[in-house]
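The values are calculated or read from the model by the stated rules, or taken from the named source; none is laboratory data. Only a predicted model underlies this, so the values are computations on that prediction, with no experimental measurement involved. Here the Cβ is made from the backbone with ideal geometry for all residues, glycine too, and neighbour counts use every protein chain on show. Just the protein is used for accessible areas: all its heavy atoms, side chains included, with ligands, DNA and RNA removed. Shrake-Rupley method; radii C 1.70, N 1.55, O 1.52, S 1.80 Å.
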Amino acid sequence: MAFLLLFSVFVIATCGLVYELIAGTLASYLLGDSVTQFSTIIGTYLFAMGIGSWLSRYITKNLLASFVKIEILIGLVGGSAASVLFLIFEHVTSFRIPLYTIVSIIGILVGIEIPLLLRILKDQFDFRDLVSKVFTFDYIGALVASILFPLILVPHLGLVRSGFMFGMMNVAVALWLLYRFSEYVTQAHIHKVTAILTLIALLFGFVYGDAIMDVAEASMFPDRVIYSTSTPYQRIVITKAPNDLRLFLNNNLQFSTRDEYRYHEALVHPGLASIANPKRVLILGGGDGLAAREILKYPFVESVTQIELDPAMTQLFSKNDLLTQLNANSLNSPKLHIINEDAFLWLKDYAGGDKNPRFDFIVADFPDPSNYSIGKLYSLTFFKLLHQIVADEGEVVVQSTSPFIARRSYWCVNNTLAAAGFITTPYHAYVPSFGEWGFILAGRQLFAPASRYPEGLRFVTPDTVTSMLHFPDDMSALKTDINRLDNQVLVHYFDEEWAEYGVN
């Protein structure tokens, strides 16, 4: 009995941490700012575990039966949590209320588990051995969960099916104990029936997990979802309307085919066309290949290096026929070399190499700085590294959010680039899907707009570039703090400004 109960500690510890990771990841997908979401989820979960530990003192009879009930409840609530939260996201006024309520319930139930087990096993070991054995199995289970979650569960099962699978594991522990120690459990027959029914319900959820996500995403997105997947880095969703294809990352719109040409032409051409005979180009981010499509319109560009964190993005946009048609098959160009790596780490290594050649043009096409992991890519440290690898007559362009909605955020990016030693040229363009959108050119010399651009552009001309350089009073320059790694002030600016505009 002792060993079986200790092994159950390993299983329930693994399940408990998986539920916590699912909640944190789901919150970061739907609400943004992964650091804040994980911090508050973990804090709430641990606090709830403390409440559960305190409540366990009131369980004084039928300890093994109580433990079995707790396991069934955790399996049901924890296993179905992700599906419930995804399904209600678009239908509740404040999503955080059900989110933290469910996290608290799971935490309280998990908090009851270990004290109950300690009391059940107190006659099997002396106190010193009991505590060391229980917590050893507990911590090993936590390690296993932390490894499985990013490497196997999220990319291969997704959050919903992972939740149901580990819910089944909790219930399986209950069933195992019921059949092995039924003589010690009051009303064992009733508990067995309850556990079996719960297991069937969770199995049903696991089998139809993708269908549940289809229903949830159908309510989140106005158009038909034609592709969706979870990766270790983000949730990728593509929707299709009769005349529109849209990409969403973590529920945030990245482009609409109705007007993405405006964004990508404005991102690439003002800077690249101004450089005499550019040969080497670097793209940071831009895994959809649309920036690369614009760059490859310059026949004298000899090589393009693309650094994209998520291999799922580059694989999708280099293999899907619909998407390769959109990006003109740019990711399969013999001129382009894709490196799936964190841009910050790659840049740090590249800038440290004495013999690495510099780039004539660099495109930083990252998502908006909505969390600290992205905010570091807009930091003074990052921009100083860019300064080391751009050619003397080269240019860097950074997409820099909306100067109208997030005015402080935009000028914080500009001021941080200037602090890194760049001469900056702010400009903006109207993209209907996003509104006024901002970009910043940064180089070692004053920017001189080009008089000619590649043929076939739909938006950028000498006249439109001239108009892009003008900022009306409501978007004009502001003094801001510099975005440093140790303060990430840009993320705070961004959260405050977009929240005021009514966006999470």
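Odds and ends about this structure:
- Count - residues of the stretch 165-184 that are within 25 Å of residue 234 (Cβ to Cβ) and open to solvent by less than 10 Å² (accessible area, probe 1.4 Å): 2
- The number of residues in the stretch 395-421 that are open to solvent by less than 10 Å² (accessible area, probe 1.4 Å) and either closer than 15 Å to residue 363 by Cα or basic (Lys, Arg) (or both) comes to 8.
- Exclusive hit being surrounded by 21 or more Cβ atoms within 10 Å (Cβ to Cβ), among the hydrophobic types (A, V, I, L, M, F, W, C), at pLDDT below 90 and closer than 22 Å to residue 210 by Cα, set 117, 153: 153
- Of all residues in the stretch 120-141, those that are over 16 Å from residue 17 (Cα atoms), in a helix (DSSP H, G or I), open to solvent by 30 Å² or more (accessible area, probe 1.4 Å) and touching a helix residue (DSSP H, G or I) at 6+ places or on another chain (Cβ under 8 Å) total 2.
- Residue match in the stretch 181-202 (condition: part of a strand (DSSP E or B) and of a type in the set (S, T, N, Q)): no
- Cβ pairs under 7 Å, 6+ apart, first in the stretch 142-156 and assigned to a helix (DSSP H, G or I), second open to solvent by 50 Å² or more (accessible area, probe 1.4 Å): 150/232; 154/232; 155/232
- Residues considered: 417, 446. Of these, the only one that is hydrophobic (A, V, I, L, M, F, W, C), out of contact with any Cys (no Cβ under 7 Å at 6 or more places or on another chain), part of a helix (DSSP H, G or I) and closer than 30 Å to residue 388 by Cβ is 417.
Residue-wise test of (1) in contact with a Ser or Thr (Cβ under 8 Å, 6 or more places away or on another chain); (2) without any contact (Cβ under 8 Å) to a residue 40 or more places away in the chain; (3) closer than 30 Å to residue 248 by Cβ.
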site: 179; (1), (2), (3): no, yes, no
site: 185; (1), (2), (3): no, no, no
site: 193; (1), (2), (3): no, yes, no
site: 208; (1), (2), (3): no, yes, yes
site: 222; (1), (2), (3): yes, yes, yes
site: 228; (1), (2), (3): no, yes, yes
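- Some residue of the stretch 270-290 being of a type in the set (Lys, Arg), outside any loop (DSSP other than H, G, I, E, B), surrounded by fewer than 22 Cβ atoms within 10 Å (Cβ to Cβ) and in contact (Cβ under 8 Å) with a residue 24 or more places away in the chain: yes
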